[in-house]
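**Student:** Here it is, the structure in full.
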Amino acid sequence: MVTSSSLLARNRDFRWYWSGHTISVLGAQVTAVALPLVASVTLDAGAAGVATVATAGHLPNLLLPLLVGHWLDRRRRRRVMVAADLVRAAALAVVPVAFLTGALSLPLLVTVALVVGAATVVFDVGGFAYLPTLVDEADLPAANRATQGSSTAAQVAGPGLAGALSQLGGPAPAVALDAASYLASALGVGRARRPEPLPPGGTKRAGVLDGLRVIAVNPWLRAMTAHATLYNAAAQILTVNLVIWAVTDRGLSAGLFGLALSAAGVGAFLGTLGSLPVARHLGYGRTFVAALALSTGTPLLIATLSGSTVTLAVGLAAVQFVSGVGLGVANVLSVTLRQIVIPRDALARSNGGYRLLIFGVLPLGAATGGVLGQALGSRAAVAAGAVGLALSTIPMLTRRIRTLRRPEGARPTLDDPLAPAATEASGAR
């Protein structure tokens, strides 16, 4: 099995792409914190203004994935990804310029957040479809481990970096450095020069909804999508109430609470590093199910934690760490399996459908969390969210998944009754 380190060492094109991808996801994490800080600190916009900017950044995830996936399935993705980085850099550069000229306003900030969010959708959907054309299939698990590892590290470091930059120079100037990060990302992705084949045209014209059809007809994709959708909805229920229960009701300081939650990122990073050796030893399906048991089962312990604030913080950090390990492993295996199962000419549009479903439930989950917290109390609502996480594993417990030895074994064969349906829905390769 090829390791991510050896792949980075011997594959120059992937090394450049990985560098650009890493900088891009770090920039996205900084943006998610820096723009609301500009609204709060610089514009004194209040809670409503901050929420408006944050919502604007997430809104493209509900509106664009299907359209972007449909559009990208007939185009080379690397150039589009570079263009998306340049758009993000230009949009963010407007913020410090407007700050220096006295033209900064909340409507301008909302517009920037929308543009950056839309370009991020394009970059992420394109990246999922582009990676299988950049490396050989045998290297795909290692490539995903490397990119997922850097994504996890960025999720841990990004918010802290945004806070530090804002503390040193103010939120608006910090956005200028964020804009520069997207220029560096464009350079890295652009230097990956392995020829990218033009996606095949297929035997029939794909519709905008074909990304959802690809998921619907394939049992592997149905299971993973159902799991991720339920997981994200339940995670919102848990997250909305966890801060109230831990900080407001139990008296945990904001600093200790943040440190406890950051343990999930550390665990996830370690999980990504160990994912491939464990999968090689236990088998792909068993490792996947075991990872989900950690990521969705461990949070059941949260509502049972008791003791002093320090004891509570330690217990919460331990739960987050173990859950994060499982999440890191599951993320690597999920991305690789989807890239192998989905026909090459349907990668972008199927990822658009997947992204629409798993992100589309976030507002619903948050609203449900608020209702449950108000009706049952924060502790009971935390428990309800944890139960939802555990239940999200059920679609992944089929014998087909549990007995899968290698991800290639999930690809439909010519004599597989699923193959004609998948080919018809996604276009012939």
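The values are calculated or read from the model by the stated rules, or taken from the named source; none is laboratory data. Given the structure is predicted, the values throughout are model-derived calculations rather than measurements. Cβ: placed from backbone, ideal geometry, glycine included. Neighbour counts: every protein chain shown.
**Student:** All but one of (1) farther than 16 Å from MET396 by Cα; (2) surrounded by fewer than 20 Cβ atoms within 10 Å (Cβ to Cβ) hold for GLY365; which doesn't?
**Tutor:** GLY365 satisfies all of (1) farther than 16 Å from MET396 by Cα; (2) surrounded by fewer than 20 Cβ atoms within 10 Å (Cβ to Cβ) except (2).
**Student:** Out of the residues in the stretch 196-206 that are modelled with pLDDT of 60 or more and within 12 Å of ALA346 (Cβ to Cβ), which is surrounded by the fewest Cβ atoms within 10 Å (Cβ to Cβ)?
**Tutor:** The selected residue is PRO200.
**Student:** Here's another thing I want to ask about it. Tell me whether the stretch 238-261 contains one or more residues that are under 22 Å from ILE358 (Cβ atoms) and in contact with a Leu (Cβ under 6 Å, 6 or more places away or on another chain).
**Tutor:** no
**Student:** Quick check: anything in the stretch 103-118 of a type in the set (Val, Ile, Thr) and in contact with a Pro (Cβ under 8 Å, 6 or more places away or on another chain)?
**Tutor:** Among the residues of the stretch 103-118, not one is of a type in the set (Val, Ile, Thr) and in contact with a Pro (Cβ under 8 Å, 6 or more places away or on another chain), which makes the answer no.
**Student:** If you check VAL94, VAL53, VAL80, which single one turns out to be free of Cβ contacts under 8 Å to residues at least 60 places away in the same chain, surrounded by 18 or more Cβ atoms within 10 Å (Cβ to Cβ) and farther than 30 Å from ASP210 by Cβ?
**Tutor:** VAL94
**Student:** Looking for something without any contact (Cβ under 8 Å) to a residue 40 or more places away in the chain, among the hydrophobic types (A, V, I, L, M, F, W, C) and over 22 Å from GLU408 (Cβ atoms) - is there at least one such residue anywhere in the stretch 325-334?
**Tutor:** No - not one qualifying residue is present in the stretch 325-334.
One line per residue, one yes/no per condition, for (1) under 30 Å from ALA410 (Cβ atoms); (2) surrounded by fewer than 24 Cβ atoms within 10 Å (Cβ to Cβ):
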{"residue": "ALA318", "(1), (2)": "no, yes"}
{"residue": "ALA348", "(1), (2)": "yes, no"}
{"residue": "ASN351", "(1), (2)": "yes, no"}
{"residue": "TYR354", "(1), (2)": "yes, no"}
{"residue": "ILE358", "(1), (2)": "yes, yes"}
{"residue": "SER378", "(1), (2)": "no, yes"}
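**Student:** Please enumerate the residues belonging to the stretch 395-427 that are in a helix (DSSP H, G or I), of a type in the set (A, V, I, L, M, F, W, C) and at pLDDT below 85.
**Tutor:** Those that are in a helix (DSSP H, G or I), of a type in the set (A, V, I, L, M, F, W, C) and at pLDDT below 85: ALA410, LEU418, ALA419, ALA421, ALA422, ALA425.
**Student:** For the stretch 116-131, indicate whether the set of residues that are assigned by TED's automatic domain parsing to the domain that holds ALA51, surrounded by fewer than 19 Cβ atoms within 10 Å (Cβ to Cβ), within 29 Å of LEU261 (Cβ to Cβ) and at pLDDT 90 or above is non-empty.
**Tutor:** Scanning the stretch 116-131, I find no residue that is assigned by TED's automatic domain parsing to the domain that holds ALA51, surrounded by fewer than 19 Cβ atoms within 10 Å (Cβ to Cβ), within 29 Å of LEU261 (Cβ to Cβ) and at pLDDT 90 or above, so the answer is no.
**Student:** List every residue pair whose Cβ atoms sit under 7 Å apart, with the two residues 6 or more apart in sequence or on different chains, where the first one lies in the stretch 265-288 and is surrounded by 20 or more Cβ atoms within 10 Å (Cβ to Cβ) and the second, anywhere, is not in a helix (DSSP H, G or I).
**Tutor:** LEU276/MET1; TYR284/LEU404; TYR284/ARG405; TYR284/ARG406; GLY285/THR403; GLY285/LEU404
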